[in-house]
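Down below is the structure, laid out as structure tokens.
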Amino acid sequence: MKINFTIPGYLTVLLIMIMLSFTNCDNLPSKDNVEKKPSTENKMKETSKPKVPVSQTKVSDDELMGKFVPSKHPDFVKIKSEHATKNNIYLRKEAYEAFQNMYKAALEDGIRLKIVSATRPFNHQVSIWEAKWTGTRLVGGKNLSREMPDKKARALEILQYSSMPGTSRHHWGTDIDLNNLENSWFANGEGLKIYEWLKENALAYGYCQTYTPKGSERPYGYEEEKWHWTYLPVALSFTEQYKARIKDEHISGFKGAEVAKEIGIVEKYVLGINKDCK
Ligand SMILES: [Zn+2]
């Protein structure tokens, strides 16, 4: 009996050691792990900060605030139906090209990415915002117009997941929502598989999760959005341009805009993003 236990025991330890040497522990990154990462990880390094080739595309204040028509803008292209859940949505050419490369790579790994939302101009954002502001659309089951008469409190409630018109990154044509708009969907099954894949690979294609969980590193802004990804090579420059030129006072033209300054909408929300995306 002793011999029977000793030999398999030794083999088990050996097997565990071999398995551990292939295990990639995301929670405990160490120098060793980083050096052993495969080629995708090396590609990620090339595109991650500070090596992201930042586009020098200069855009107008109106463009930064979504005041243009994507279908008539020469830098935008329509997203093919195979990549999206709806028709007639647009992205900047560079962002879409990178997405298509990411889409192909994901497909090879058995992951099907789908764009749920892409560019949303100012007027589109007004319709989302005002529906929530006036109570036409419920927020967390509540009619905010009735239950939150205080304008700042009401705006902050909507701002958990929706941007004020003029402040959304969806105006830029660099940001996409993928597959589903609920964090819970990404917590298990297909959703978890997709999210894990994106966390591991998206940066290699220039895409970064803009709204990570709030905490000491990201104290302000929207709640976590596992579906929202930004194309850094262009968005980095747009973030800088926005920071330099757009002030809270410029945010106007919709119901509730008067509390933008009191909230500090540019500082807290436009710039309150994952530090790896800026
Ligand atoms: Zn989004």
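Every number here is computed from the coordinates shown, using simple stated rules; none is lab data. Worth saying up front: this structure is predicted, and the values here are computed from it rather than measured. We place every Cβ from the backbone using ideal geometry, glycine too, and count neighbours over all the protein chains shown.
In this calculation the C-beta distance from Lys58 to Lys268 is compared with R0 = 30 Å, giving a FRET efficiency of 0.70. The H on the amide N of Thr119, modeled in the peptide plane, is under 5 Å from the matching H of Tyr90, each at least 5 residues off or on a different chain. Using the Cβ-Cβ distance between Lys93 and Ala153 with R0 set to 30 Å, the FRET efficiency from 1/(1 + (r/R0)^6) comes to roughly 0.15.
Label zone of Glu258 (point 7 Å out along Cα→Cβ, amide N under 17 Å): in region 158-181 this covers no residue at all.
Listing Asp276, Asp175 from fewest to most neighbouring C-beta atoms within 10 Å gives Asp276, Asp175.
How about region 216-278: which GluC sites (Glu not before Pro) there lie in a loop by DSSP and see at most 11 other Cβ atoms within 10 Å?
Passing both the DSSP loop test and the Cβ count: Glu217, Glu223.
As an exercise, identify the trypsin sites (Lys or Arg not before Pro) in region 102-203 lying in DSSP coil whose Cβ has no more than 16 other Cβ atoms within 10 Å.
Filter output for region 102-203: Arg112, Lys114, Arg137.
Note on region 247-278 and region 125-179: Cα centroid distance 13 Å, given to the nearest whole angstrom. Proximity of backbone amide H atoms, modeled 1.01 Å from N, is registered between Lys78 and no other residue at under 5 Å, excluding neighbours fewer than 5 places apart on the same chain.
Within region 120-178, none of the GluC sites (Glu not before Pro) combine a DSSP coil assignment with at most 13 other C-beta atoms in a 10 angstrom radius. Short-range pairs are left out: with C-alpha atoms under 8 Å and at least six residues apart, the relative contact order of region 46-277 is 25 percent.
I want the local charge near Asp75. Using Cβ-Cβ distances under 13 Å, sum +1 for each Lys or Arg and -1 for each Asp or Glu among the other residues.
Its environment carries a net charge of +2.
Is the C-alpha gyration tensor of region 44-153 telling us rounded, prolate or oblate? Criteria: a/c under 1.5 is rounded; beyond that, a/b larger than b/c is prolate, otherwise oblate. Judged from the Cα gyration tensor, region 44-153 comes out prolate (a/c at least 1.5, a/b above b/c).
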